[in-house]
Every structure is written in structure tokens, then in C-alpha cells.
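Participant: This structure is in C-alpha cells; I'll ask about it shortly.
Coordinate-derived values only; no laboratory data. As the structure is a computational prediction, the values presented were derived from the model and not from experiment. We place every Cβ from the backbone using ideal geometry, glycine too, and count neighbours over all the protein chains shown.
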Amino acid sequence: MTSKQDYITKLKLETHPEGGWFKETYHSDDKYYAAESNCERYRYTSILFLLDGNNPSHFHRLNHDELWFYHDGKNIVVHCIYPNGEYKAIKLGNDIGNDEVPQFMVPKGTIFASSVDKKADFALVSCVVAPGFDYSDFELMHKADLLKCYPNLNNIINRLALD
């Protein structure tokens, strides 16, 4: 069985600003003008992304869709706050009999975070953003701002948002 440290070392994963470890693996050969970014973007970008029970992906928002693909480890939960305020927790994994799905798309404009159970060693996924990811299209959300807008979600916000 491949360990968390094996993946981090052999895949040359680095720490990610939102939490966990990542490495960009692919992007399109060409770029185009993306109106919602008001500049050029790759048509897509792809990363490998690893989380563990102590390193969640904190709440953030993108202005492009993001596809998630499960690979290995324990299941990962993608916590979504949709633009209409609705909250959903999607379990990404291989146990489809336990309501897990092997892939999931986070729509643009959705505030989301991801977590692995504290007792779990890790989860490895891939994420594809189209148009391609750029940090200028990324908004890291803060606890105080989220609690003002979504006080009914205080437990999950307090657990997965940065101060």
C-alpha cells in the first residue's frame, strides 16, 4: 500500500496555500481570452491534490468550474456552499454503495472546502479547472465573512475556514 509520504515524495507534491499538498500535472498547449477572468487562460489545468485529517482544503471560491476525481486513500468530503446559500457535502471515493462518487464537479462561484476524516491517513484526488486555474481567479474565504452570510453553517465554517 502506498503511504501519504510516498505520494508526497514520489509525486513531488508541495504545500498548497488553501491546505494539503499539490502539483500541477497538465495544462492545455494553448490559451484563449477568458471573459470572466478578463485575460488569457489555458483551456484547462490539472493538479494532483492530497489532503489528510490535519490538513483540509479551506473554504475558497473560483470563477471557473472545477472537476474532482478520486484516486486513493480514504474518502474526501467536498463541502459546498452554493450561490443560493444551499449547503451540500459530497463524499468522493470508491464506495458507491455508501453514497460516495468517484468524480464531482464544483460549479463556478461555489464556496467550497474539502476534508478527510481526522482518523484517516490521506486522500489523493485530481482536480481539473476549465478554463485553467490562475491564482487571480481564486478567492480564499475568511471565517468572519462567511459567518456573517451563513450563520446557520457555523460548525463547518469554524472547522474549515481561515481566521
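Participant: Do the alpha carbons of any pairs in K118/K148; K88/K143; K74/K118; K4/K108; K74/K143 sit beyond 20 Å of each other, and which pairs?
Facilitator: K118/K148; K4/K108; K74/K143
Participant: When F69, F133 are ordered from fewest to most other Cβ atoms inside 10 Å of their Cβ, what list results?
Facilitator: Sorted ascending by nearby Cβ count, the order is F69, F133.
Participant: Over all distinct Cα pairs, what is the inverse of the mean 1/r for region 6-163, reported as the Kirkwood hydrodynamic radius in Å?
Facilitator: 16.0
Participant: Also, quick follow-up: If I take every Cα pair under 8 Å that is 6 or more residues apart in region 4-160, average their sequence separation and divide by the length, what percent do I get for the relative contact order?
Facilitator: Relative contact order of region 4-160: 28 percent.
Participant: Sticking with this structure for a sec: How do D29, D99, D121 rank when sorted from fewest to most other Cβ atoms within 10 Å of their own Cβ?
Facilitator: In increasing order of surrounding Cβ atoms, one gets D29, D99, D121.
Participant: Take every DSSP beta bridge whose two residues both sit in the chain, then give the antiparallel share in percent to the nearest 5.
Facilitator: Among the beta bridges of the chain, antiparallel pairing accounts for roughly 95 percent.
Participant: Rounded to the nearest 500, what is the chain's calculated 222 nm mean residue ellipticity when only DSSP H runs of at least 4 contribute -39500 (n - 2.57) each, over all residues?
Facilitator: -3000 deg cm²/dmol, from helical runs alone.
Participant: Averaging over all projection directions, find the projected area of the Cα convex hull of region 51-137 and quote it in nm² with one decimal place.
Facilitator: Mean projected area for region 51-137: 5.5 nm², to one decimal.
Participant: Now a separate question. Please report T2, T45 as a ranked list, fewest other C-beta atoms within 10 angstrom at the top and most at the bottom.
Facilitator: Lowest to highest Cβ neighbour count: T2, T45.
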